[in-house]
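The values are calculated or read from the model by the stated rules, or taken from the named source; none is laboratory data. Everything numeric here is computed off the predicted structure, so don't read it as measured data. Glycine also receives a Cβ, built like all others from the backbone with ideal geometry; neighbour counts cover every protein chain displayed. Ligands, DNA and RNA are stripped out before the accessible areas are found, and what is left, the full protein with its side chains, is counted by its heavy atoms. Shrake-Rupley method; radii C 1.70, N 1.55, O 1.52, S 1.80 Å.
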Amino acid sequence: MSQAELAPKLFISASLESALENGTRAPKRDLAQLCDDLFQTTGTFVRLWRLTVGQAWPSWFAQYAQLEEQAVRIHKWELRYIPGLLQTADYARAVMRAGRPWDGSDVIEEDVRARIARQDILTRANPPLAWFVIDESVLHRAYGGKDAMREQIKRLMELAALPSVIIQILPYAITDHPGADGPLTILEFAGSPSVGYAEGRGSGRLIETPSEVANAMRCYDLVRAAALPRSTTLDMIKRAEDS
C-alpha cells in the first residue's frame, strides 16, 4: 500500500505518514491500534509503538531533550525568536509554519504539542534555574500576528515572575558581541559535566568536550554581561506589550 493510499485510511496527511515511516515523528497509541485493525495484525503495531515512546523528537534533537529534563541550570541565548521553553502554542505554531510551509497541519500540531510539553520543567517541583538572554529584535518580530505576539509577551511576563526563571534582553545598542554566530545553550547538571548545544536550521550539535563547553560558556557570559538587568528587561518587555 502506498503512502498516498495509506494516509487517508489512518486519517493523517501523507507528510505525517512519511515522517512516521522515516522515524522522524513518533506515532500515538491510537494510531498504532488503527494500524493493527487495518492490517489485521494482533497487537504487532501496538507492541512496536511501545518502543517509540519517548522518541517524539528528530534524531538530532532527541538527546538534547533528554538532557534538558535532567539539567539543574539552563543557560540560553537566542537571537531568532522567543526560546521554545517560553513560547505559547500560537507563537510556536507560527514559527514552525513559517519555517516549514510544506509540512501538513498534523505534523506541525504534533511538534507544537511536544514543544509545549517541554515547558513542564519550568513549573515542576525543584525546577532548574533557567536563564534566558534574548535579542531585542525578537520582541518586535510578531510571529503569528499582533494578537499572537501580545499573548506571547504576556506569557514572557508570567514566566519572568517565577523565581527560577531569569530573562534578560540584549538591546539594539549592543553591537559588538560574540552571539551573532547563532543560538547557544549550556546545560549544567548535579554531579556530571556541563554540556553545550548549538542549533541551526534542521540540525543541532551537542558540545561535550570540556574545552569547547568552556568556550561556549565564555561566549554566553559575554553576551549575558552585555544584556540589560532583569528589572530593566521587564520594563522593555512591558513596553513591547503596550506597543
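General observations
- Index of the failed condition, residue 191 passing every other in (1) on the phi < 0 side of the Ramachandran plot; (2) out of contact with any Gly (no Cβ under 9 Å at 6 or more places or on another chain): (1)
- Checking segment 149-166 against the condition returns no match, with no residue being at pLDDT below 95, surrounded by fewer than 18 Cβ atoms within 10 Å (Cβ to Cβ) and of a type in the set (S, T, N, Q).
- Cβ-Cβ contacts under 6 Å between residues 6 or more apart (or on different chains), taken from a first residue in segment 124-151 that is over 19 Å from residue 94 (Cβ atoms) to a second residue that is open to solvent by 50 Å² or more (accessible area, probe 1.4 Å), are listed as 128/72; 128/73; 129/73; 136/172.
- Cross-chain or 6+ apart pairs with Cβ under 7 Å, segment 192-205 first and touching a residue at least 12 places away in the same chain (Cβ under 8 Å), then open to solvent by 60 Å² or more (accessible area, probe 1.4 Å): 193/210; 195/208; 196/212; 198/205; 203/60; 204/60
- Per the conditions (1) out of contact with any helix residue (DSSP H, G or I) (no Cβ under 6 Å at 6 or more places or on another chain); (2) in a helix (DSSP H, G or I); (3) open to solvent by 10 Å² or more (accessible area, probe 1.4 Å), the sole criterion not satisfied by residue 68 is (3).
- The single condition from (1) in contact (Cβ under 8 Å) with a residue 40 or more places away in the chain; (2) in contact with a helix residue (DSSP H, G or I) (Cβ under 9 Å, 6 or more places away or on another chain); (3) open to solvent by 60 Å² or more (accessible area, probe 1.4 Å); (4) closer than 25 Å to residue 200 by Cβ that residue 172 fails is (1).
- The single condition among (1) open to solvent by 20 Å² or more (accessible area, probe 1.4 Å); (2) at pLDDT 95 or above that residue 83 does not meet is (1).
- Test for residue 103: is it of a type in the set (Asp, Glu), part of a loop (DSSP other than H, G, I, E, B) and more than 30 Å from residue 192 (Cα to Cα): yes
- Qualifying residues in segment 1-34 (those that are open to solvent by 80 Å² or more (accessible area, probe 1.4 Å) and assigned to a loop (DSSP other than H, G, I, E, B)) - the one nearest to residue 113 (Cα to Cα): 28
- Count - residues of segment 219-235 that are more than 12 Å from residue 136 (Cα to Cα), buried (at least 18 other Cβ atoms within 10 Å of the Cβ) and among the hydroxyl-bearing types (Ser, Thr, Tyr): 1
- Across segment 123-148, the number of residues qualifying as over 18 Å from residue 76 (Cβ atoms), open to solvent by 60 Å² or more (accessible area, probe 1.4 Å) and either part of a helix (DSSP H, G or I) or touching a His at 6+ places or on another chain (Cβ under 6 Å) (or both) comes to 3.
- The numbered conditions (1) more than 30 Å from residue 217 (Cβ to Cβ); (2) surrounded by fewer than 18 Cβ atoms within 10 Å (Cβ to Cβ) are all true for residue 93 except (2).
- None of 115, 25 is touching a helix residue (DSSP H, G or I) at 6+ places or on another chain (Cβ under 6 Å), under 30 Å from residue 164 (Cα atoms) and of a type in the set (Lys, Arg) except 115.
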